[in-house]
């Protein structure tokens, strides 16, 4: 199958492209191209794969950034064990996982199959809501059926695009035929995941990183990036940033190399992330960010331009988050909606005397993490936007327009 140009802007690499090797021109890598770039598949036992992941301190590339070696060790191998690739990238500001599935599907498949073979199972499921990503994965499986037939059964399952539906417990519940919302019972997938079986589940980039680790070996994999977290990672850049869209960067890159200058506030981690006034002294290293109370989460870095109304951006996203409620508990259904009204009042210069109490009352009260993530987004925004809030209180507006820098739903990334 020949490579096919895409209509979206091509991804960019700061330094050496690894995950994005051969696709920075925006063309899909077919199986022959993939093998030329990354070599043949290599089998690793569970013990070998876990040891390699521990050696390079590989962290999951989703919200939790959980150590991959620890997760591998927690899943008992066997024929019932399931491997689930969470490609339901429901964070509207992020496109990194969809970029991998669309442009480098064979890297994702190599990682998933490496885990499946290490766990001695043939069950692999890829959950995805994006049509282009699903089509690319189906095409990749057809290419492999002709050139590299294998005993593993890989299924690509379409899932809802709603925000809470992308949380891994919601994904597993939906794949089992239930509602695509997180269950209140917090059972680990490694204990009882898909079909009640032990399950290794992670997001798309994590599996692509595992494929790179197997292909490169620990020493070469760790030759770039931070000693705390070697390698590279994918980000989606939005707004007033050095590049736009998906970028691959080494994990020791200072964030101010991506968002230089003195523009507006910066959102780290997407819509369950936090706002900061500037990024000086911060790097793209998850352990270092975590030590400062920050997280990369979905890998979103957005800087608002000074000419845009930042409070309008925050208000629009808070409304959207409220509309994404799972609807299964009061804090999520009613609390986030009331919080969105409070933020809207602040935008229009009206007082919102209950906003602080509302924020405090939502923390750790939800059946899932959605209320907590919404609180982190709003609280950090109000802490950073003190001058703009004061202007809105005095004049009912800051005089700057709503620019729509932060995408909502299926709107395209700017």
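Here are the numbers for this structure:
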| item | result |
| --- | --- |
| The stretch 252-273, residues that are over 28 Å from residue 164 (Cα atoms) and not in a helix (DSSP H, G or I) | 252, 253, 254, 258, 259, 260, 261, 262, 263, 264 |
| Single condition residue 356 does not satisfy, out of (1) part of a loop (DSSP other than H, G, I, E, B); (2) surrounded by fewer than 15 Cβ atoms within 10 Å (Cβ to Cβ); (3) at pLDDT below 85 | (1) |
| Residue ID - nearest to residue 171 (Cα to Cα), chosen from residues in the stretch 325-336 that are crowded, with 16+ Cβ neighbours inside 10 Å and in contact with a helix residue (DSSP H, G or I) (Cβ under 6 Å, 6 or more places away or on another chain) | 326 |
| Residues of the stretch 129-156 that turn out to be within 14 Å of residue 41 (Cβ to Cβ) and not in a loop (DSSP other than H, G, I, E, B), as a count | 5 |
| Breaking point among (1) at pLDDT 95 or above; (2) touching a strand residue (DSSP E or B) at 6+ places or on another chain (Cβ under 9 Å), for residue 49 | (2) |
| Residue satisfying all of: in the stretch 239-254; farther than 11 Å from residue 303 by Cα and more than 18 Å from the chain's Cα centre (by Cα); modelled with the lowest pLDDT among these | 243 |
| Enumeration of residues in the stretch 161-182 that are surrounded by fewer than 18 Cβ atoms within 10 Å (Cβ to Cβ) and either farther than 21 Å from residue 123 by Cβ or under 17 Å from the mean Cα position of the chain (by Cα) (or both) | 161, 179 |
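Conditions (1) touching a residue at least 24 places away in the same chain (Cβ under 8 Å); (2) under 22 Å from the mean Cα position of the chain (by Cα); (3) in a helix (DSSP H, G or I), marked per residue:
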site: 317; (1), (2), (3): yes, yes, yes
site: 335; (1), (2), (3): yes, no, yes
site: 374; (1), (2), (3): yes, yes, yes
site: 382; (1), (2), (3): yes, no, yes
site: 388; (1), (2), (3): yes, no, yes
site: 406; (1), (2), (3): yes, yes, no
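Residue by residue, here is whether (1) closer than 25 Å to residue 320 by Cβ; (2) in contact (Cβ under 8 Å) with a residue 12 or more places away in the chain; (3) touching a helix residue (DSSP H, G or I) at 6+ places or on another chain (Cβ under 8 Å); (4) not assigned by TED's automatic domain parsing to the domain that holds residue 207 holds:
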| residue | (1), (2), (3), (4) |
| --- | --- |
| 241 | yes, yes, no, yes |
| 247 | yes, yes, no, yes |
| 254 | no, yes, no, yes |
| 257 | no, yes, no, yes |
| 268 | yes, yes, yes, yes |
| 271 | yes, yes, yes, yes |
| 274 | yes, yes, yes, yes |
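The values are calculated or read from the model by the stated rules, or taken from the named source; none is laboratory data. From a predicted model like this one, the values you see are computed outputs, not experimental measurements. Reconstructed Cβ throughout: ideal geometry from the backbone, glycine too, with neighbour counts over all protein chains shown.
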